[in-house]
Amino acid sequence: TVLFVPGISGAATAPRWALLSIILPFCLFFIKLERWTLTHVFGACFLLYAAASLAWATVPLEGFYPLSKYLIYAGLFVLGAQLRSLKPVFYGAFCALMVHLAVVIFYQQGWQQGTPNGGLFINKNMAAEAAVAVAVGLWFYRQYLAALLLTLILYISNTRGAFLALGFVFIFWAWGRSRLLGMISTAFALFAAMLLGLIYQNDPSIVQRYIIWYDTVLSFLPFGHGLGGFYIDFPTVAHHFPTVQLRAEHAHNDFIEIAFELCVGAL
């Protein structure tokens, strides 16, 4: 989990994929799939459709990289489905994030020049997203102190998306506790969302995303543009996004991007 190597220009997460590509097949060799669930079936259908979509993609070669990632996701799911508890996984991720936090503090104290908030992830947003996922898992297993320690990463990163994700989790938790608490937390969340909308309505980053989503949704095809098609096809279908000035590599929304590439297969 610690294998995010800073200094590898433009490919900070490449060692992670390389490690999983080697170790995951080795681990899968030693497990026996006892039964197929509906999730296994739908997941297999999705992989088959994603692979088939390369046949009508504008540049099929562009789809092999995301397909390899989907295969890794599938392998991780099959492996994870055999575990009796995810507690050791969250513990391991917590230890890795503590290493990341130590690196961030190291930079913030001025002991080393560089990107202070990105740490091992280089991108502070990725660090915050990982911290939220692990903190929620630790909280579920009643490891409250460890979960609270991870909020330091959120505080340092100050990532809007991570706080939003944490807010959604809290709302689900509140509804499970009581209907009144759920209604209060939902009302507060809606108020906070409207307030943030007013504050950031002219934020260039947010406006840019709205334009990308608008052009992407207008360009849906029944069978999709093919896996990896967003990076290739978006500039040819974008009528509002300034593609001459900037190249959108992703839609900044997983659901919209997958729907653009696979459409009916994404269902």
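Computed packing ranks the peptides 174-187, 156-169 as 156-169, 174-187, most packed first, by mean other Cβ atoms within 10 Å.
With all protein chains kept in place, the per residue accessible area of segment 65-192 amounts to 63 square angstrom at a probe of 1.4 angstrom.
Its Cα centre serving as origin, the chain has a Cβ charge dipole (Lys and Arg +1, Asp and Glu -1) of approximately 920 debye. Among the protein heavy atoms of segment 48-146, carbon and sulfur supply 67% of the accessible surface, probe 1.4 Å, non-protein parts ignored. With all protein chains in place and a 1.4 Å probe, the accessible surface of segment 168-267 carries 70 percent carbon and sulfur.
Taking GluC sites (Glu not before Pro) in DSSP loop states with no more than 11 other Cβ atoms inside 10 Å as exposed sites, the chain has its longest site-free stretch at 35-248. Can you give the FRET efficiency for residue 250 and residue 170, using 1/(1 + (r/R0)^6), R0 = 25 Å, r = Cβ-Cβ distance, to the nearest 0.05? E(calc), rounded to 0.05, equals 0.35. Look at the alpha carbon pairs under 8 Å that are at least 6 residues apart: their mean separation over the length of segment 213-267 gives a relative contact order of 54 percent.
All Cα-Cα separations within the chain were binned at 10 Å from zero, giving a P(r) of 6, 21, 31, 31, 11, 0, each value a whole percent of the pairs. Computed over the chain, relative contact order equals 21 percent, with contacts defined as Cα pairs under 8 Å that lie 6+ residues apart. Of the trypsin sites (Lys or Arg not before Pro) found in segment 13-75, the ones in coil according to DSSP and having at most 16 other Cβ atoms within 10 Å of their Cβ are 32, 35. Cβ-Cβ distance of residue 33 and residue 217, R₀ of 30 Å, FRET efficiency by 1/(1 + (r/R0)^6): the value works out to about 0.20. Scanning the chain for long hydrophobic helices, with DSSP H runs required to stretch 27 angstrom or more by C-alpha along their axis and to average at least 1.0 on the Kyte-Doolittle scale, returns 87-108, 179-199. Multiply the residue separation of residue 78 and residue 44 by 0.36 nm, subtract the distance between their alpha-carbon atoms, and state the gained length in nm to one decimal. Contour length minus Cα-Cα distance gives 11.2 nm.
The values are calculated or read from the model by the stated rules, or taken from the named source; none is laboratory data. Remember, it's a predicted structure, so these values are computed and weren't measured experimentally. Glycine also receives a Cβ, built like all others from the backbone with ideal geometry; neighbour counts cover every protein chain displayed. For accessibility, only protein heavy atoms count, side chains too; no ligands or nucleic acids. Shrake-Rupley method; radii C 1.70, N 1.55, O 1.52, S 1.80 Å.
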